[in-house]
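Everything on this sheet refers to the single structure shown next.
The values are calculated or read from the model by the stated rules, or taken from the named source; none is laboratory data. Here the structure is a predicted model, which means the values were calculated and not measured. Cβ sites come from the backbone with ideal geometry, for glycine too, and all protein chains shown count toward neighbours. Ligands, DNA and RNA are excluded from the accessible area calculation, which covers all protein heavy atoms including side chains. Shrake-Rupley method; radii C 1.70, N 1.55, O 1.52, S 1.80 Å.
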Amino acid sequence: MAVNNDDVKLIGAWASPYVMRPRVALNIKSVDYEFLQEQFGSKSELLLKSNPVHKKIPVLLHNGKPICESSIIVEYIDEVWSSSPSILPSDPHNRALARFWAAYLDEKFPNMKGVITAASEEEKNAAVDQLKEVAVEMEGAYGEEDFFGGEKIGFVDIAFGSMLGWARAIQVMAGVKLLDEEKTPGLVKWAEKFSADPAVKDVLPEAEKLVEFSKLLSAKFKTAAASS
């Protein structure tokens, strides 16, 4: 049930970890929204009009007004639908820490793509090493509660958890396990709890589907490269 009668639309794609972030946030807030999926290889007129600077997903349309960039959208959702469970901490210091870790993840974890697209074993190993370093850092940042945000999913959980589908797909495709019981036991348990949460489980892509999607992307890229 929607918390109000606002017109809420989300421009995105099911496989994108960045699109998953506002989807989880909207679910946490019990906000009904229309999911407008972009087709791979093309950008809709609505997307280009709504995000003319970066021309990227996700874009939230709230009563026709666009908000861009996944983390900014999550913060916006938290502020607008403030009567529901909070996503960002109320304490200024904890809120700053949450933003720090989310920015850290955005800087470091996109290297997941490098594991799949690496041109050599050396490049692949370098990408894997960096991702494992990030996982160890996040293990250190993880506390003793259920989530980074405490008893409920918060800002860091959304930022990190949005990557879980692709992390599992990489394990299938490249044999690389980014979270393991030996080095990141806390994160292994956290990932299970995050994935099973009602706000998450219906929007977190399955690894098998991401593997098939990755194969499709790879084939299309090779076809485009051959014809250029």
(request) Among residues belonging to the range 131-147 that are touching a Phe, Trp or Tyr at 6+ places or on another chain (Cβ under 9 Å) and open to solvent by 50 Å² or more (accessible area, probe 1.4 Å), point out the one that is farthest from PHE100 (Cα to Cα). (result) ASP146
(request) Tell me which residues, restricted to the range 183-201, are within 15 Å of GLU144 (Cβ to Cβ), among the aliphatic types (A, V, I, L, M), in contact (Cβ under 8 Å) with a residue 24 or more places away in the chain and out of contact with any Phe, Trp or Tyr (no Cβ under 8 Å at 6 or more places or on another chain). (result) none
(request) Being surrounded by fewer than 18 Cβ atoms within 10 Å (Cβ to Cβ), in contact with a Lys or Arg (Cβ under 9 Å, 6 or more places away or on another chain) and at pLDDT below 95 narrows it down to one of ALA226, ALA174, ALA169, so name that one. (result) ALA174
(message) Would you confirm, using the coordinates I've provided, whether VAL80 is of a type in the set (A, V, I, L, M), out of contact with any Gly (no Cβ under 9 Å at 6 or more places or on another chain), at pLDDT 95 or above and closer than 23 Å to MET138 by Cα?
(response) no
(message) Within the range 203-213, take every residue that is open to solvent by 20 Å² or more (accessible area, probe 1.4 Å) and among the hydrophobic types (A, V, I, L, M, F, W, C) and give me the one that is nearest to LEU10 (Cα to Cα).
(response) LEU204
(message) Of everything in the range 178-202, what is surrounded by fewer than 18 Cβ atoms within 10 Å (Cβ to Cβ) and of a type outside the set (Asp, Glu)? Give them in sequence order.
(response) LYS183, PRO185, GLY186, VAL188, LYS189, LYS193, SER195, ALA196, PRO198, LYS201
(message) Report every pair of residues separated by at least 6 positions or lying on different chains whose Cβ atoms are under 7 Å apart, first residue within the range 3-29 and open to solvent by less than 10 Å² (accessible area, probe 1.4 Å), second at pLDDT below 95 and not in a helix (DSSP H, G or I).
(response) LYS29/VAL3; LYS29/SER84
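Conditions tested, residue by residue: (1) without any contact (Cβ under 8 Å) to a residue 24 or more places away in the chain; (2) of a type in the set (S, T, N, Q); (3) assigned to a loop (DSSP other than H, G, I, E, B).
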site: ALA127; (1), (2), (3): yes, no, no
site: LYS132; (1), (2), (3): no, no, no
site: ALA135; (1), (2), (3): no, no, no
site: MET138; (1), (2), (3): no, no, no
site: VAL156; (1), (2), (3): no, no, no
site: GLY165; (1), (2), (3): no, no, no
site: ILE170; (1), (2), (3): no, no, no
site: MET173; (1), (2), (3): no, no, no
site: LYS177; (1), (2), (3): yes, no, yes
(message) Just checking, does the range 94-116 include any residue being within 16 Å of the chain's Cα centre (by Cα), under 30 Å from ALA174 (Cβ atoms) and of a type in the set (S, T, N, Q)?
(response) yes
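Hey, among the residues in the range 96-120 that are charged (D, E, K, R) and in contact (Cβ under 8 Å) with a residue 24 or more places away in the chain, which one's farthest from LYS29 (Cα to Cα)?
Pass one, the range 96-120, residues charged (D, E, K, R): 99, 106-108, 113.
Right, trim to in contact (Cβ under 8 Å) with a residue 24 or more places away in the chain and you get 99, 106, 108.
On the way: ARG99: 20, ASP106: 23, LYS108: 28 Å.
Looking at the filtered set, the residue picked out is LYS108.
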